[in-house]
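The structure appears right after this line, and notes come after that.
The values are calculated or read from the model by the stated rules, or taken from the named source; none is laboratory data. Keep in mind the model is a prediction, meaning the values are calculated, not measured. With ideal geometry, Cβ positions are generated from the backbone for all residues, glycine too; neighbour counts draw on all protein chains shown. Note: areas computed on protein heavy atoms with side chains; ligands, DNA, RNA excluded. Shrake-Rupley method; radii C 1.70, N 1.55, O 1.52, S 1.80 Å.
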Amino acid sequence: MTIGIGILGCGAVSRMHMKTYLQLAGLCEVRAVYDIDSRQAERLARWEGSSAEVCASWEDLLARDDIHAISVCTPPDLHRGPVIEALCAGKHVLCEKPLAPSLDDCDAMIAAARENGRLLGVAMQTRFNRDYERMKRVLDSGALGPLRFAQLNATCWRGERYYEAPWRGTWERQSGGVAINQALHALDVFVWLLGEIESVQADMETVQQGIEVEDVAMAMLRFRGGLPALFGCSVNAVRSEIRMDISGYAKAVSYPLGYHTLLVRDGDSVAHDEAAARELERIGNGSEQAGNQEPGDVQIRLMNDFLRAIAEKREPAMNGAQGRRVIEVITAIYKSASTGERVQLPIDTADPWYTTSGILKHVRRAR
Ligand SMILES: NC(=O)c1ccc[n+]([C@@H]2O[C@H](COP(=O)([O-])OP(=O)(O)OC[C@H]3O[C@@H](n4cnc5c(N)ncnc54)[C@H](O)[C@@H]3O)[C@@H](O)[C@H]2O)c1
């Protein structure tokens, strides 16, 4: 069966959804789109040869029987409502990141999927990067031994033009700044690689004028088992890059992908251990050499998995629970940066920072 797709919100990211659905034409067809701005909807409906119709309202989109799944591509404050409405209308949902501004919202969306027997996927495509999968294989194999240090730096540049969209730069509409919008992808991978976080000590700053969300955030993360890790992110960096280092004793993996080893003698490093590095690389590659890889970039792999999950009646790899996990870490970063306290995880449902209204009331704003 061809999966009928609808798209809500026809801005920048929706074009990536449309393009990818068109590339997956054997599995699905985008049949209708809706945006509060009809020009945006008209433009997306004609994007790259699409034959989608423009719906007159969100209700019209929801009412169509030929639409089985909806991509929700609206700003972050407009994820919870439409996602729950779509799930209750019997549609599967692929929601753009961040899943929601708070854990309360995430839990309500996850519950709506469960109660309506529909799938909730989250568009966090970075997880499908094959180099991260290689790092994961090495970590899961235990080849690095007990971990001793990890760090993640996620930097890029966003100028004044970026904040011209009315929802950007504000806590109410964007849910936060660089941590929840740009660094979320890499932070999600970091947590996926390293496991549960026990506590967070963080700070944040806003350097750019005229916005109230953070454009720099830094944190000391402590993972369960005691691993200390550094996290830093900024949208004020001229160099755009993700850097990750995960070290055991004398063995490490990094992103951009690298395998690093030291030959240690009498407690001192005497050389690079080439044989040990090749062994880490062999573990990282896993069974890839057997030619069992399906093709595609991260966006295709994410959406292909979502569509196949619908067809196979299974959870997508990037489901609501996965999308929630990084929101908990980011909530802890915002809470710690606002209160100055070290924050213990998990965040309890009675904690004011569990809800969106609690976050908006307590978060430290730049203006
Ligand atoms: N996965 C990624 O890598 C990635 C990249 C960019 C953006 N995003 C996410 O995608 C979402 C949208 O970002 P964008 O850059 O496309 O924003 P955008 O401003 O370009 O587009 C948002 C669209 O939503 C429409 N909209 C607003 N309110 C609406 C409503 N009530 N009903 C219907 N349509 C409405 C707007 O008219 C606009 O066309 C955000 O959550 C953002 O974080 C994800």
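Spacing of the modelled spin labels on residue 270 and residue 230, each 7 Å from Cα toward Cβ, amounts to 3.0 nm.
The stretch between residue 282 and residue 140, if pulled fully straight at 0.36 nm per residue, gains 49.8 nm over its current Cα-Cα span.
Where Lys and Arg each count +1 and Asp and Glu each count -1, what net charge lies around residue 309 among other residues with Cβ under 12 Å from its Cβ? The answer is +1. The residues of the stretch 140-209 have, on average, 44 Å² of accessible surface per residue, using a 1.4 Å probe with all protein chains present. What a 1.4 Å probe finds exposed on the chain is 50% carbon and sulfur by accessible area, rounded to a whole percent. Take each peptide in 276-287, 302-313, count the other Cβ atoms within 10 Å of every residue, and average; sorted highest first, the result is 302-313, 276-287. For the pair the stretch 315-331 / the stretch 1-75, the C-alpha centres are spaced 24 Å from each other. Here the convex hull built on the C-alpha positions of the chain has a volume of 150 cubic angstrom per residue. When 298, 93 are compared by accessible area at a 1.4 angstrom probe, the order from most to least is 298, 93. Here each label is just a point 7 Å from Cα along the line to Cβ, and for residue 317 and residue 64 those points are 2.9 nm apart. Most tightly packed first, judged by the mean number of other beta-carbon atoms within 10 Å of their residues, the peptides 71-78, 146-153, 220-227, 177-184 read 177-184, 71-78, 146-153, 220-227. Couplings for the stretch 167-173, taken from phi via the Karplus curve 6.51 cos²θ - 1.76 cosθ + 1.60 with θ = phi - 60°, read 8, 8, x, 10, 5, 4, 9 Hz in order; Gly and Pro are left as x. Helix 320-339 and the long axis of the chain differ in direction by around 70°, with both axes built from C-alpha atoms.
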